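One structure below.
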Amino acid sequence: VLSRVKGRGTFVTQPKVTHESTSFITGYRAESERNHHTVRTKVLEIGVIRAPEEVCAALELPAGARVTRLVRLRHLEGCNNDAPVVYTTLYVPCKYFPDMAQLDFTDLSFYGVLADRGLDVRRASRKLEVVPPPPEVAAGLCLGPFEPAVYITSVGRMANDRPIEYTESYYPAASSRFLIEVRR
């Protein structure tokens, strides 16, 4: 497939990466493996912080509650010219998972670790919009200054309907598409 850009030329385009996390609850690693991709994860940051106001609201926590913040950059081997495909920041209340910051999520599945601890995510609500990403996210995703990203926020809930995770994910808009399945 070719793409023409006036004044610049004609270029071979790469196929877009289809993300299915908007249709069901699963970890990114499991989704990637199901689609025969190998995911590579770089943990940019993990640590315990006082939750910002919007995180407290999403996780139904009192102001200033302690949460573990995990920031990851993910690549799919052989896709998108090996550029990153998602920049994710995840927040988990310390009261549910106090030792999370001691784990290395480079090769661990977050949802798998939750399930092993009886903290399975059973339901999630997600919001999707196209935004200019913050500078650190744009740099991580190798985006130019005016390239948009698809921004998805998600609140995952356990069987008792308590929120266990709040996630903010950025996907390069030009190389991403999303499967959204609705049933009646």
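Take the Cβ atoms of residue 77 and residue 53, set R0 to 35 Å, and the FRET efficiency comes out at 0.40. As a calculated quantity, the FRET efficiency between residue 63 and residue 108 at R0 = 25 Å, using C-beta atoms, amounts to about 0.25. Sorting 42, 6, 127 by accessible area puts them as 6, 127, 42; the probe is 1.4 Å, largest comes first, and only protein heavy atoms count. Between residue 95 and residue 42, the FRET efficiency from the beta-carbon distance, with R0 = 22 Å, is close to 0.20. For region 128-184, GluC sites (Glu not before Pro) meeting the loop criterion (DSSP other than H, G, I, E, B) and having at most 13 other Cβ atoms within 10 Å: 181.
The values are calculated or read from the model by the stated rules, or taken from the named source; none is laboratory data. Not measured: the values here are computed from a predicted model. Don't worry about glycine lacking a Cβ; one is built from the backbone with ideal geometry, like all the others, and counts go over all protein chains shown. Only protein heavy atoms, including side chains, enter the accessible area calculation; ligands, DNA and RNA are left aside. Shrake-Rupley method; radii C 1.70, N 1.55, O 1.52, S 1.80 Å.
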